[in-house]
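Down below is the structure, laid out as structure tokens.
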Amino acid sequence: MEPNSYGLSPDHLDATFAALADPTRRAILARLAKGEASVNELAEPFAMTQPAISKHLKVLERAGLISRGRDAQRRPRRLEAKPLAEASGWLEGYRQFWEGNCQRLDALLEELKTEEKKQHLRRKQGDRR
């Protein structure tokens with residue numbers, strides 16, 4: 001499996017995963033999954049300043065995970081799902097890789113168990129003679 005598979009640029013994936021690495025940014029995304037929100041609304045649950053929240057929002061915007069709307073004087077943020085879907089697709093390839101490996105391991109274990117049972121039966125039959 002190639003590291004740059006699925007047609008995604010490494011920089012795009014790097015930005016997405018870097019943005020997702022922070023728990024505050026993940027919480028912001030979870031909030032935005034429920035609907036758009038202003039900076040003040042996003043800052044409410046956190047014990048941090050509005051400039052600190054704004055820095056997190058800039059990281060999320062640069063990664064393409066959120067966008068700014070315009071509603072009169074209000075500039076609500078909204079979730080942009082495409083980068084998340086792309087990251088999920090990239091991870092899916094690795095999930096399939098590991099699932100295939102696990103299936104092959106399961107098959108090998110079953111084969112070994114079957115062979116062990118056969119050997120056990122042969123020994124039992126040999127003891128009876």
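Odds and ends about this structure:
- Residue in segment 64-79 that is of a type in the set (Gly, Ala, Ser), within 20 Å of Asp14 (Cβ to Cβ) and touching a Lys or Arg at 6+ places or on another chain (Cβ under 8 Å) present: yes
- Candidates Gly126, Gly35, Gly93, Gly89, filtered to the one that is at pLDDT 90 or above and out of contact with any helix residue (DSSP H, G or I) (no Cβ under 7 Å at 6 or more places or on another chain): Gly35
- Put simply, of Ala30, Ala15 the only residue that is in contact (Cβ under 8 Å) with a residue 40 or more places away in the chain, within 16 Å of the chain's Cα centre (by Cα) and not in a loop (DSSP other than H, G, I, E, B) is Ala15.
- Segment 55-114, subset in contact (Cβ under 8 Å) with a residue 12 or more places away in the chain and among the β-branched types (Val, Ile, Thr), residue farthest from Arg25 (Cα to Cα): Ile66
- Scanning segment 37-71 for residues that are surrounded by 14 or more Cβ atoms within 10 Å (Cβ to Cβ), of a type in the set (A, V, I, L, M, F, W, C) and either not assigned by TED's automatic domain parsing to the domain that holds Asp14 or not in a loop (DSSP other than H, G, I, E, B) (or both) yields a count of 9.
- Filtered residue count, segment 72-129, keeping only those that are more than 25 Å from the chain's Cα centre (by Cα) and not in a helix (DSSP H, G or I): 6
The values are calculated or read from the model by the stated rules, or taken from the named source; none is laboratory data. Owing to the predicted nature of the structure, the values given are computational and were not obtained by experimental measurement. Reconstructed Cβ throughout: ideal geometry from the backbone, glycine too, with neighbour counts over all protein chains shown.
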